[in-house]
Structure formats: C-alpha cells, structure tokens
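Structure first, commentary second.
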Amino acid sequence: MRARFLLTDRRDGVSAPPYDGCNLASHVGDDPHSVAANRQRLAETLGLAPGQLAFMDQVHGPTVAVVEDADATPEADALITTRPGLGLVVLVADCVPVLLAATDAAGRARGVAVAHAGRRGLALGVVPEALAALTEHAAQPERTVARIGPAVCARCYEVPEEMAAEVGAAVPAARARTPTGAPALDLRAGVLAQLRAAGVTDIEVDPRCTRETPQLYSYRRDGLTGRFAGVAWLHSD
C-alpha cells in the first residue's frame, strides 16, 4: 500500500471568471455544473471516480472526522481514512493544506489524513488533533510523512497586533513581521513547528505564496475567488 499526495492549482478547469480555472469549491458562488466538471477532472487525474472523493464542510476549527466513504460531508477541518481508493480533499485559498500519511515499519502506508489550517484552526490545534487521530488509527508520528502545501506567506499576511498576539500565544512560531515591520502571521511556520513538536521528521514544505502565485487561488488577493485542493489517498500496489 502506498500513500499518494496531490496539490491542484487553478489551471485546466472549466469555471468562468472570477473563478476561472479549476475551482473545486461548491460554496463560493461558482456554477455547480462547472464545479462538478472540475471535480470529475480531479477524480480522473487520481484514477478514481467522483464518488471516491471525500470533502468536508470546513469551519476553521479543530474537529477531525474519520471517513470510510464519500457519502457524507462532515463539518470538520481534518479527514482521516484507512480505506484504499478514497481520496481525502482539503480546499484552500490562503490557508495551509496539510497532507499526512502514516506508515508501518516496512514503509507501507496504513492511513492518510488532510487538514485545513487557517489562523483559527492553527491556534485551536487542528494539525495536532489530526496527527493524534491518525496515530490512533494507523501509526506513530515518527513514521508519519507530512507535506505542507502553499499558503499565504508572512510578507503578505499582515494582521492587527492583537490577532498576532492571540495566535502567537497558542503557536509562537506563527508570529511574524512583514518587511515593513508590521505584525503578521506565518501559518506554515506554525504548522511546521506543531508537526516537529509531535515527533514528525519527514516533512516537506511547498514554498509558494498563494497571494504571489497567479496559478493559485488567493482570497486575500482576489476576494471573490475559487479554491484549489490538497488530496491524499491510499493506493493498492
């Protein structure tokens, strides 16, 4: 069994402006038929059927849902499965998509998870919660592979001092400054610190800033816009 990860972007989809491209979110005002077509393309890229993609109703909290099928859309900000052939999808447009895979001593994948780490979710501990749940169902943190996807960078995420202090109190590594010295948040640095503190060592970080990368959706850059995805799934050898 192998774990596979995929990060999409806004290219090659059918959505019209301002969602132009491969918008995968059904809650942002895009035409439902366009969203369905984009999800169909995503499933085909993964070698899955659209009914094998599991989505969640993301609410910027710490709730983790364990799923064995894609029939429901749980209110959660992290999904876990041990079922092969079920693609777990996290949707983002500045927040951090976190992809996790737990392996056994022989390197075989036992389970996968995705998490949506925005400012509130990061402070509330959605990533440690997802990792703890994955550990319960699959394997230990030291055997967990983590991939941190694109997100808005600290240069582009200026926030009020009170907000920076609030998040920094929960996750000190997330507190940052812009080049001009204004208070800011570095969400990826916060996620990275949480994973390392939990014992995860196999971590890769995508350095792209969503606001600075036209091929990615960014709410802070565009306001009304779509969502790209991080996907994790188990594939039978």
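The values are calculated or read from the model by the stated rules, or taken from the named source; none is laboratory data. From a predicted model like this one, the values you see are computed outputs, not experimental measurements. Here the Cβ is made from the backbone with ideal geometry for all residues, glycine too, and neighbour counts use every protein chain on show.
Observations on the structure shown:
- Hey, Thr73 surrounded by fewer than 24 Cβ atoms within 10 Å (Cβ to Cβ), in contact with a Phe, Trp or Tyr (Cβ under 6 Å, 6 or more places away or on another chain) and without any contact (Cβ under 8 Å) to a residue 40 or more places away in the chain or not: yes
- Considering residues of the stretch 132-183 that are under 17 Å from the mean Cα position of the chain (by Cα) and either among the aromatic types (Phe, Trp, Tyr) or at pLDDT below 95 (or both) only, the residue surrounded by the most Cβ atoms within 10 Å (Cβ to Cβ): Leu134
- Within the stretch 91-131, the set of residues being crowded, with 24+ Cβ neighbours inside 10 Å, more than 21 Å from Arg211 (Cβ to Cβ) and β-branched (Val, Ile, Thr) comprises Val112, Val114, Val126, Val127.
- Leading residue by the ranking (nearest to Arg119 (Cα to Cα)) among those in the stretch 163-209 that are in a helix (DSSP H, G or I) and in contact with a Gly (Cβ under 6 Å, 6 or more places away or on another chain): Ala174
- Scanning the stretch 210-237 for residues that are part of a strand (DSSP E or B) and either surrounded by fewer than 18 Cβ atoms within 10 Å (Cβ to Cβ) or among the β-branched types (Val, Ile, Thr) (or both) turns up Val231, His235.
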